[in-house]
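Peer 1: Sharing a structure below in structure tokens format, with a few things to ask.
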């Protein structure tokens, strides 16, 4: 059920609120009965009366849910349409979803930015939604100064709002000086306030995810041979066995901390990112070792068997499959984008100059020695992998899985991303509609706070 928020005038009691008759009956409310009214982490004991109006609405006293005297919050909440549900004598409004960001991201975005799209999705699902970061958190009053969008005015504003029912953690790439504060903040929300999180880790290290999946018989079949780098001999042995290998940092993303090495017989072909995607051929082992040593200086890396990828119109491609849990807490595949490499290159990432298309669009043109996996085949593999990672390393609410198909038609797991890129693709996605990848987060948030229950 949904209600529109309004305010009682004329000095009425702070313990009184009124709801429209249909809502009063649907919630099975009683007169002269004390209920606990919740908006996020704000709560107040109230009595609830009924009012004869046609619209489904609730009228609150301003003193009721305003622990922080902020008139901007009253203005922002006025006429906001939110869900209302009951569990015994507890009446809930919202839910309230707080989206946690790096402070650098706490600025008003443009309309095709995922931050704006998440806000549109929140209003479409009748949530109170805002962004927040490390500062402006009032623990005593259980309030946060959040950045939110006001659709009626198409403006962004900051106001003191209730701490959320659920935190959608999109915070990443914090500085060393911020990381201790972030760790403390997350722990306090989880343990002191028992606020559930969507996403429990910033990153899954590539080696850690490989170990978890390798220990499961069902998912081990999707894994290319992967070993931690020790010295140049690790690369030499893998090259001798597979002819094509990839070097990857444990936590790198965006295709910028990857190097492919292919043994061409009379030398080696390297593809890597250095300001832009680059290709280099070297003749000697010593020269190759110099490039490997330079790459290895970035930190811990893995060496991974190179998959002989299936090609789309002569170009290599892999897939980014986005999975988000639904309103029952079950994984669902939201999208499958094919990332198509530049002609002649082995690194497919869209951010390094590749192209992007829906897998269903390129599927009719794919040919391989076996049968080409369809959308449902890829989805089944993704769901199996996501479930194992969630059981062993989660809980998560969303995952971006990089998968590939080889020349034989076999599906391979490349890596997992706990905070996947959710940018829409200009020229491919409909930028005007609210995409399911944004709406799905609110379905899962509703599950976490028992909205439908």
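Readers should treat all values here as calculations from the given coordinates under stated rules, not as data from a laboratory. Computed from a predicted model, the values in this text were never measured in an experiment. Every residue, glycine among them, receives a Cβ derived from its backbone with ideal geometry; neighbour counts consider all protein chains shown.
Peer 1: Using the Kirkwood radius built from alpha carbon pairs, what does the Stokes-Einstein equation give as D for segment 309-418 at 4 °C and 1.567 mPa s, in µm² per second? Before the final figure, lay out each step's value.
Peer 2: Details: Rh = 14.2 Å.
So the translational diffusion coefficient is about 91 µm²/s.
Peer 1: Cut-off is 10 Å between beta-carbons; in what order do 229, 130, 251 appear when sorted fewest neighbours first? Walk me through the numbers on the way to the answer.
Peer 2: On the way: 229 21, 130 25, 251 15.
Sorted ascending by nearby Cβ count, the order is 251, 229, 130.
Peer 1: Here's another thing I want to ask about it. Over all directions, what mean area does the Cα convex hull of the chain project, stated in square nanometres?
Peer 2: So the mean shadow area of the Cα hull is 24.2 nm².
Peer 1: Only Cα pairs under 8 Å and at least 6 apart count here; give the relative contact order of the chain as a rounded whole percent. Before the final figure, lay out each step's value.
Peer 2: Numbers: 908 pairs, mean separation 61.1, N = 453.
Over the chain, the number comes to 13 percent.
Peer 1: If you take the Cα atoms of segment 97-198, find Rg, then find the Kirkwood Rh from the mean of 1/r over all pairs, what is Rg/Rh?
Peer 2: Numbers: Rg = 13.3 Å, Rh = 14.0 Å.
Answer for segment 97-198: 0.95.
Peer 1: Taking a quarter of the surface of the Cα convex hull of segment 142-301, what do you get in nm²? Working shown, then result.
Peer 2: Values: hull surface 58.5 nm².
Computing the convex hull of the Cα atoms and averaging its projections yields 14.6 nm².
Peer 1: Here's something else I'd like to know. Using only Cα atoms, figure out Rg for segment 2-94 and give it as a multiple of 2.2 N^0.38 Å.
Peer 2: Working: Rg = 12.1 Å, N = 93, 2.2 N^0.38 = 12.3 Å.
Normalised Cα radius of gyration, segment 2-94: 0.98.
Peer 1: Quick one: in segment 28-176, what % of C-alpha pairs are over 29 Å apart?
Peer 2: Working: 2104 of 11026 pairs.
When every Cα pair of segment 28-176 is considered, 19 percent fall beyond 29 Å.
Peer 1: In whole angstrom, how far apart do the alpha carbon centroids of segment 299-344 and segment 274-288 sit?
Peer 2: Segment 299-344 and segment 274-288 have Cα centres separated by 25 Å.
Peer 1: Cβ neighbours within 10 Å, averaged per peptide: list 401-407, 426-432 in order, most packed at the top. List each step's numbers first, then the result.
Peer 2: Numbers: 401-407: 20.4, 426-432: 10.7.
Result, highest mean first: 401-407, 426-432.
Peer 1: Could you work out how far the C-alpha centroid of segment 185-217 sits from that of segment 95-128, in angstrom?
Peer 2: Distance between centres, Cα-based: 22 Å.
Peer 1: I would also like to ask the following. Across segment 358-453, what fraction of all alpha-carbon pairs, as a whole percent, falls in each successive 5 Å bin from zero upward?
Peer 2: Distribution as computed: 2, 10, 17, 19, 20, 16, 10, 4, 2, 1 percent.
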